[in-house]
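Some notes on the structure that comes next.
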Amino acid sequence: MAVSRNFGNFFKQRRRELGLTLREFCRINGFDPGNISKLERGLLPPPSAKEKRLQYANALGIKKGTDDWLMFCDLATTSAGKIPQDIVSDEEVMNALPVLFRTIRRRSLDEKDLKKLIDSVRRELR
Amino acid sequence: MTLEIPYLTYSDIGKRAQDFLSEYHSSLELPIPIEAIIDVKMGLDIVPFPNLYKDFGLSGYLSSDRTAIYVDEIQSDQYEEKYRYTLAHELGHYVLHKSCYEELPFRSPDEYVEWRESITNEEISWFETHGDWFAGYVLVPSCHLETVCHNVIAKHKTTFAKFKKIPEDFWSYVSNEVATYFEVNPPVVEIRIKKESIPTKIQIIG
């Protein structure tokens with residue numbers, strides 16, 4: 001398995017190796033998809049509580065004492081020290097904006113709506 | 001700057017959808033696992049986005065860097081068929097409109113607003129139609145549609161035998177049941193039935 005650069009990537013890679021979509025994974029394990037999505041994208045730090053980390057490891061099929069377990073713990077520890085940035089760069093926002101979209105009843109979004117949409121995307125990336 | 005609209009026929013898009021399914025779901029087993037294809041097989045993020053529909057009237061969208069599909073959180077939680085359709089529609093943009101995403105002219109939020117305001121609804125509607133056609137083809141593959149319609153009609157044979165002529169809304173009713181096999185909303189099937197000329201291929205009376 002390729003080494004993931006951070007906890008979120010590692011988490012996502014393991015989940016996908018189980019053949020589970022984000023929603024399936026969350027449904028089976030009682031997790032919130034919004035939170036797990038943010039964790040996987042590095043927008044939330046790994047949990048600091050040992051019990052929670054163990055719960056995630058179990059859900060990902062990672063057994064204590066294995067190489068994957070060590071990597072999971074290492075990445076959780078190193079990533080936990082990095083607080084996700086509060087300020088999102090314009091580039092990140094640009095990458096996450098919609099290009100082709102159609103709204104309900106085909107109403108155009110005006111300047112005010114578009115600025116509000118940009119703010120929402122920015123908040124989503126925090 | 002206007003968008004370069006690729007002219008694609010319904011059958012062009014059908015071919016692209018078939019090619020896509022051959023690559024990512026060659027068994028064609030129903031229902032098409034669109035979410036698993038996108039998330040697990042293709043490695044695109046599917047991101048639940050709170051209030052996307054409520055605040056902006058958007059069901060979902062493909063991000064400008066083509067790495068994620070954002071979907072209204074309530075839809076992804078509660079409206080399975082609509083959710084599947086949104087994913088397939090956005091996947092259509094991913095597959096069909098790559099070049100459009102490669103030439104985006106905005107570099108800042110202000111430029112984005114200016115650019116998006118300059119795009120007319122007419123221009124956008126071409127792309128959206130492509131997305132709708134692609135979603136219909138991928139979720140309701142041609143190779144299954146006729147067979148499923150045939151089976152549903154055969155199931156209700158005794159009821160239909162009483163008809164002297166086919167009621168106008170007959171295929172709308174059939175679509176309701178056929179849609180359950182594909183896990184889509186009935187209008188998706190109704191359009192596919194029309195586009196594939198299924199009414200001319202299946203004998204109902206006699």
Query - Reachable aspartates and glutamates, given that their alpha-carbon falls under 17 Å from the alpha-carbon of residue B:155 and they are not under 8 places away in the same chain - result: B:146, B:177
Query - Lys, Arg +1 and Asp, Glu -1 on Cβ, resulting dipole of the protein assembly as shown about Cα centre, debye, nearest 20 - result: 1140 debye
Report summary line: Note to self: C-alpha centroids of segment A:92-123 and segment B:25-61 sit apart, in Å, by 19 Å
Query raised in the report: What is the magnitude of the charge dipole of chain A about its Cα centre, with +1 placed on the Cβ of each Lys and Arg, -1 on the Cβ of each Asp and Glu, and no other charges, expressed in debye to the nearest 20?
Result: 440 debye
Query raised in the report: Hey, what do the phi angles of segment A:65-77 turn into as Karplus ³J(HN,Hα) couplings, whole Hz, using 6.51/-1.76/1.60 and θ = phi - 60°, x for Gly and Pro?
Result: x, 7, 4, 5, 4, 5, 5, 4, 5, 4, 5, 5, 5
Query raised in the report: Can you give the charge dipole size of chain B about its Cα centre, rounded to the nearest 20 debye, using +1 on the beta carbon of Lys and Arg and -1 on the beta carbon of Asp and Glu?
Result: 1400 debye
Requested in this report: Can you bin segment A:13-126 into rounded, prolate or oblate? Criterion: square roots of the alpha carbon gyration tensor eigenvalues sorted a ≥ b ≥ c, rounded for a/c under 1.5, prolate for a/b above b/c, oblate for the rest.
Outcome: prolate
Query raised in the report: So, in Å, what gap is there between the alpha-carbon centers of segment B:174-188 and segment A:1-80?
Result: 37 Å
**Report entry** Per DSSP, loop GluC sites (Glu not before Pro) in segment B:1-90 with at most 15 further Cβ within 10 Å
**Finding:** B:4, B:29
Query raised in the report: Loop-only check: which chymotrypsin sites (Phe, Trp or Tyr not before Pro) in segment B:142-197 are DSSP coil with at most 13 other Cβ within 10 angstrom?
Result: B:163
**Report entry** Value of Rg to Rh for the protein assembly as shown (Rh from inverse mean 1/r over Cα pairs, i.e. Kirkwood)
**Finding:** 1.02
**Report entry** For chain B, with +1 on Lys and Arg beta carbons and -1 on Asp and Glu, the positive-most of B:53, B:140, B:67 along the dipole
**Finding:** B:140
Report summary line: Sequence order, segment B:129-141: Karplus ³J(HN,Hα) from phi using 6.51 cos²θ - 1.76 cosθ + 1.60, θ = phi - 60°, Hz rounded, Gly and Pro as x, gives 5, 4, x, 5, 5, 4, 4, x, 5, 5, 7, 10, x
Report summary line: In this structure, the FRET efficiency calculated for residue B:170 and residue A:64 from their beta-carbon separation, with R0 = 51 Å, to the nearest 0.05, is 0.25
Query raised in the report: Can you sort B:64, B:76 by how many other beta carbons sit within 10 Å, fewest first?
Result: B:64, B:76
Requested in this report: Consider a paramagnetic label point 7 Å from the Cα of residue B:162 along Cα→Cβ; state which residues of segment B:188-206 have an amide N under 16 Å from it.
Outcome: B:205-206
Query raised in the report: Got a sec to turn the phi values of segment B:151-164 into Karplus ³J(HN,Hα) couplings, 6.51 cos²θ - 1.76 cosθ + 1.60 with θ = phi - 60°, whole Hz, x for Gly and Pro?
Result: 5, 5, 5, 4, 4, 9, 3, 5, 5, 5, 5, 6, 5, 8
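So for A:56, B:137, fewest C-beta neighbours within 10 Å to most, what's the order? Provide the component values of the computation, followed by the final result.
On the way: A:56 22, B:137 26.
So the ranking, lowest neighbour count to highest, is A:56, B:137.
Just so you know, all these numbers are worked out from the coordinates, no wet-lab data involved. Only a predicted model underlies this, so the values are computations on that prediction, with no experimental measurement involved. Neighbour counts are summed over all protein chains in view; Cβ atoms, including those assigned to glycine, are modelled from backbone coordinates with ideal geometry.
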